[in-house]
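Enquirer: Would you mind keeping the following structure in view while I ask a few things?
The values are calculated or read from the model by the stated rules, or taken from the named source; none is laboratory data. The model shown is predicted, which means the values in this text are computed figures rather than measured ones. A quick note on method: Cβ atoms are made from the backbone with ideal geometry, for glycine too, and the neighbour counts reach across all protein chains shown. Surface accessibility is based on the protein's heavy atoms, side chains included, excluding ligands, DNA and RNA. Shrake-Rupley method; radii C 1.70, N 1.55, O 1.52, S 1.80 Å.
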Amino acid sequence: MKPDLAISLLHQCRHATLATQSQHDPGYPYASAIQYCCDEHHHPVFVASALAEHSKNLLADPRISLSLLAPGDDAAQSASRMTILGDAECFEAPDALRQRLLRYIPEAEEWLALDFMFFRLRPKRLRLIAGLGRMGWIDQSAWRALPALVPDVESALLEEAQAALPASIRLLGCDYFGADLLEDGRYRRADWEAASKAPAQIRDRLLQLA
C-alpha cells in the first residue's frame with residue numbers, strides 16, 4: 001500500500017479509538033476515544049490525564065493500537081479505515097509541537113494546565129483498507145522514509161499563506177502531502193494531487209486554497 005493513502009486518512013480524522021494493555025484486567029485490551037493531531041513525521045500525538053485509565057496502561061506497557069474510520073461515512077464496513085500498531089512514548093513536547101496541538105485542539109490549553117501529559121505513537125505496522133480490493137500493510141521502514149516538514153518552516157509557511165487567504169479559512173497545519181484547515185468553522189483535509197517536492201511548492205498550493 002502507498003503511505004500517502006494512509007496519511008490522507010490519518011489527517012482526515014480528528015478522533016480515534018485507542019486500545020491499550022489493561023493493567024486492571026491483564027490480557028484484555030482497554031479501548032477509549034481520544035483526540036489527536038500529527039507531528040511532522042505523521043506520528044499521532046495526544047494528551048491524557050495522569051488519572052486516566054489509558055494513561056496508567058500506557059506508562060506500564062507502551063504497546064498500543066489505534067483505530068481510525070473515515071469521518072462522515074456511516075457504512076463502516078465499506079468506509080476507508082486503518083489500524084496502527086505501535087509503541088507509545090510519554091515525552092516533553094517542544095513549544096512548536098505544543099502550539100501545533102493547540103491549533104488543532106484549542107481546548108487542550110485548559111487540560112495542559114492540569115496533569116495532562118503528551119504521548120506520541122510511533123507506528124510499527126499499519127493496516128489500511130481504502131476500498132474494495134484496496135487493502136494492505138505498511139511497515140515501519142516505509143513510514144520512517146516519509147519526508148518531514150521542519151516545524152519552523154511549517155510555521156513560516158502557515159503565517160505567510162494565512163495573511164493572503166480569506167478570513168473564512170484558518171490554516172491548522174501543512175505537510176508535503178496536504179494541508180489541514182478550518183473552512184467556515186468546519187474541519188477538512190486538503191490533499192495535494194501529488195506530494196510536494198519543496199516548501200516553496202507547499203506555499204504555492206496553500207495560496208490556491210482560497
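Enquirer: In this structure, does Glu193 turn out to be open to solvent by 50 Å² or more (accessible area, probe 1.4 Å) and modelled with pLDDT of 95 or more? Spell out the reasoning first.
Expert: Numbers: open to solvent by 50 Å² or more (accessible area, probe 1.4 Å): yes; modelled with pLDDT of 95 or more: no.
No: the conditions fail for Glu193.
Enquirer: Go through (1) over 21 Å from His11 (Cα atoms); (2) out of contact with any Ser or Thr (no Cβ under 6 Å at 6 or more places or on another chain) and name the single condition Asn57 misses.
Expert: Exception for Asn57: condition (2).
Enquirer: Need the failing condition index for Leu102 against (1) without any contact (Cβ under 8 Å) to a residue 24 or more places away in the chain; (2) more than 14 Å from the chain's Cα centre (by Cα); (3) closer than 30 Å to Gln201 by Cα, just the number.
Expert: All conditions are met except number (2).
Enquirer: Look at the stretch 190-208 and say how many of its residues are of a type in the set (Asp, Glu), without any contact (Cβ under 8 Å) to a residue 60 or more places away in the chain and not in a loop (DSSP other than H, G, I, E, B). Talk me through it step by step, then tell me what you get.
Expert: Taking the stretch 190-208 first, the residues of a type in the set (Asp, Glu) are 191, 193, 204.
Applying the additional criterion that residues be without any contact (Cβ under 8 Å) to a residue 60 or more places away in the chain yields 193, 204.
From what's left, not in a loop (DSSP other than H, G, I, E, B): 204.
Total meeting the criteria: 1.
Enquirer: Filter the stretch 28-64 for residues that are of a type in the set (Gly, Ala, Ser), surrounded by fewer than 17 Cβ atoms within 10 Å (Cβ to Cβ) and in contact with a Leu (Cβ under 8 Å, 6 or more places away or on another chain) and give the result.
Expert: Result: Ala31, Ser32, Ala33, Ser49.
Enquirer: Which helices (runs of 4 or more DSSP H) sit wholly inside the stretch 87-189 and have at least 2 residues that are in contact with a strand residue (DSSP E or B) (Cβ under 6 Å, 6 or more places away or on another chain) and surrounded by fewer than 16 Cβ atoms within 10 Å (Cβ to Cβ)?
Expert: none
Enquirer: Read through the list (1) part of a helix (DSSP H, G or I); (2) under 18 Å from Gln35 (Cα atoms), then give the number of the only condition that Ile84 fails.
Expert: Going through the list (1) part of a helix (DSSP H, G or I); (2) under 18 Å from Gln35 (Cα atoms), Ile84 breaks only (1).
Enquirer: Can you tell me which residues in the stretch 9-27 are open to solvent by less than 20 Å² (accessible area, probe 1.4 Å) and closer than 30 Å to Ala194 by Cβ? Write out each step before concluding.
Expert: From the stretch 9-27, those open to solvent by less than 20 Å² (accessible area, probe 1.4 Å) are 9-11, 13, 16, 18, 20, 22; that's our starting set.
Result: Leu9, Leu10, His11, Cys13, Ala16.
Enquirer: Follow-up question, since we're still on this one. I'd like to know if the stretch 26-43 contains one or more residues that are at pLDDT 95 or above, assigned to a helix (DSSP H, G or I) and touching a strand residue (DSSP E or B) at 6+ places or on another chain (Cβ under 7 Å).
Expert: no
Enquirer: Could you give every pair whose Cβ atoms fall below 6 Å, whose first residue belongs to the stretch 151-164 and is within 24 Å of His43 (Cβ to Cβ) and in contact (Cβ under 8 Å) with a residue 24 or more places away in the chain, and whose second residue is surrounded by 15 or more Cβ atoms within 10 Å (Cβ to Cβ) and among the acidic types (Asp, Glu), counting only separations of at least 6 or pairs across chains?
Expert: Pro151/Glu40
Enquirer: When you scan the stretch 6-25, how many residues do you find that are over 20 Å from Cys90 (Cα atoms) and either of a type in the set (Gly, Ala, Ser) or in a strand (DSSP E or B) (or both)?
Expert: The number of residues fulfilling the criteria is 2.
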